[in-house]
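Below: the structure, in structure tokens.
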Amino acid sequence: MKAPVRVAVTGAAGQIGYSLLFRIASGEMLGKDQPVILQLLEIANEKAQQALQGVMMELEDCAFPLLAGMIGTDDPNVAFKDADYALLVGARPRGPGMERADLLQENAKIFTVQGKALNDVASRNVRVLVVGNPANTNAYIAMKSAPDLNPNNFTAMLRLDHNRALSQLAAKTGKAVTDIEKLTVWGNHSPTMYADYRFATIDGQSVKDMINNHEWNRDVFLPTVGKRGAAIIAARGLSSAASAANAAIDHMHDWALGTNGQWVTMGIPSDGSYGIPKDVMFGFPVTCENGEYKIVQGLEIDEFSRERINVTLNELEEERAGVAHLLG
Ligand code: NAI
């Protein structure tokens, strides 16, 4: 059996946490031969800490063979101590009357503190996934607050958008999701994201040619994927949780264990590819191998795609400008 790895999860008593932790502990994220120690962070509030204790009791009651230890805390320096993986799920939700700018500020405070704590105490190779919204900008803030860590180890979750797009395409073409390759989602995890199936194939055949309907792409597919989060809230009365946890598992699993040449979407700091300014935390098509991701290069960006990419990039640049003063 391998030595256990330490997995920190923030917002552990929340909705997503309740779907996520059990799957990490059962081995779905890092493999059925990889023991894990869970290091769970919640806010210093009696109710939240009590709820966290309840979740930990249930984890115990599952008697997972791979769960090699567990702690619950309200201190980021304890939660992130020697962490090999960190899933930053907890974030401040938008309250009544709260503007987007206020939301950015409130979250910037959380993610500067957590970035600094990761910088101070986590494993030097810690791999970080930010799920809490606004995910891309929160990941950017955490990365900038951790100057001693590899910036490429900070990522944001676009995988739910990727998976949503896969399912829509499977339904449209009548094929299985597993048949679809080379799909990607560019940009911000927000309704401005650009889900792009121009390169996608099914059994080597072009999905774009199979669908052959630009209006469907523009007027049905893109709005359906972009507004899916709002549609879930309208239907369920709560935001996506099990599907978000599933996407977090997929993201970390593929990053750690590889994609065998398949494309997936990750929000990562740009290296300048496709004209996206360096450091912007942007959804890109990537492949993963040996614990590292690589941007798929050489894709043609047509006029429609460039327009879409610019819209989502502008939104990210605005968010970045909105928090710049907090980052020194
Ligand atoms: P939730 O409100 O049920 O749970 C969040 C938990 O985080 C709460 O228990 C809260 O006490 C905790 N928390 C807040 N601030 C914290 C901090 N500074 N440190 C540690 N814990 C903290 O929310 P839910 O449904 O679990 O969603 C979590 C986040 O994920 C939200 O920001 C949501 O918008 C985002 N999300 C992102 C998605 C993506 O695709 N990137 C998809 C779905 C949700």
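Coordinate-derived values only; no laboratory data. None of these values were measured; they are calculated from a predicted model. Heads up, the Cβs are rebuilt from the backbone with ideal geometry, glycines too, and the neighbour counts pull from every protein chain shown.
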Which values of log₁₀ I(q)/I(0), to two decimal places, follow from the Debye formula for the chain at q = 0.06, 0.08, 0.13, 0.15 Å⁻¹ with a uniform point scatterer at every Cα?
-0.19, -0.35, -0.96, -1.27
Can you tell me the 0 to 90 degree angle between the C-alpha axis of helix 135-144 and the longest principal axis of the chain, rounded to 10?
60
Sorted from fewest to most neighbouring beta carbons within 10 Å, what does the list Thr201, Thr178, Thr184 look like?
Thr178, Thr201, Thr184
Residue farthest toward the positive end of the dipole of the stretch 216-283, with Cβ of Lys/Arg at +1 and Asp/Glu at -1: which of Asn260, Ala231, Ile249?
Ala231
Taking the highest mean first, how do the peptides 304-316, 158-170 order by number of other beta carbon atoms within 10 angstrom per residue?
158-170, 304-316
Multiplying the sequence separation of Asp75 and Arg94 by 0.36 nm and subtracting their Cα-Cα distance, what value in nm do you get?
4.5 nm
What is the distance in Å between the Cα centroid of the stretch 243-293 and that of the stretch 1-68?
23
Summing -39500 (n - 2.57) over every DSSP H run of at least 4 in the chain, dividing by its residue total and rounding to the nearest 500, the 222 nm mean residue ellipticity is -12500 deg cm²/dmol
D_trans [Stokes-Einstein, Kirkwood Rh over alpha-carbon pairs] for the stretch 119-208, 10 °C, 1.306 mPa s, µm² s⁻¹:
107
Determine the alpha carbon to alpha carbon distance for each of Lys47/Lys144; Lys109/Lys182; Lys47/Lys109; Lys182/Lys278; Lys172/Lys227; Lys116/Lys278 and list only those over 27 Å.
Lys47/Lys144; Lys109/Lys182
Which whole number in µm²/s is D for the stretch 1-116 by Stokes-Einstein, with the Kirkwood Rh taken over Cα pairs at 20 °C and 1.002 mPa s?
145
Taking Thr137, Thr112, Thr287 and counting other beta carbon atoms within 10 angstrom, the fewest-first order is Thr287, Thr112, Thr137
If you take every DSSP beta bridge fully contained in the chain, what fraction is antiparallel? Give it as a percent rounded to 5.
45
Ranked by Cβ crowding within 10 angstrom, fewest neighbours first, how are Leu327, Leu299 ordered?
Leu327, Leu299
First select every other residue whose beta carbon is under 13 angstrom from the beta carbon of Met1; then total the charges, Lys and Arg +1, Asp and Glu -1.
+1
For the stretch 202-238, which trypsin sites (Lys or Arg not before Pro) pass both filters: DSSP loop (anything but H, G, I, E, B) and at most 16 other C-beta atoms within 10 Å?
Lys227
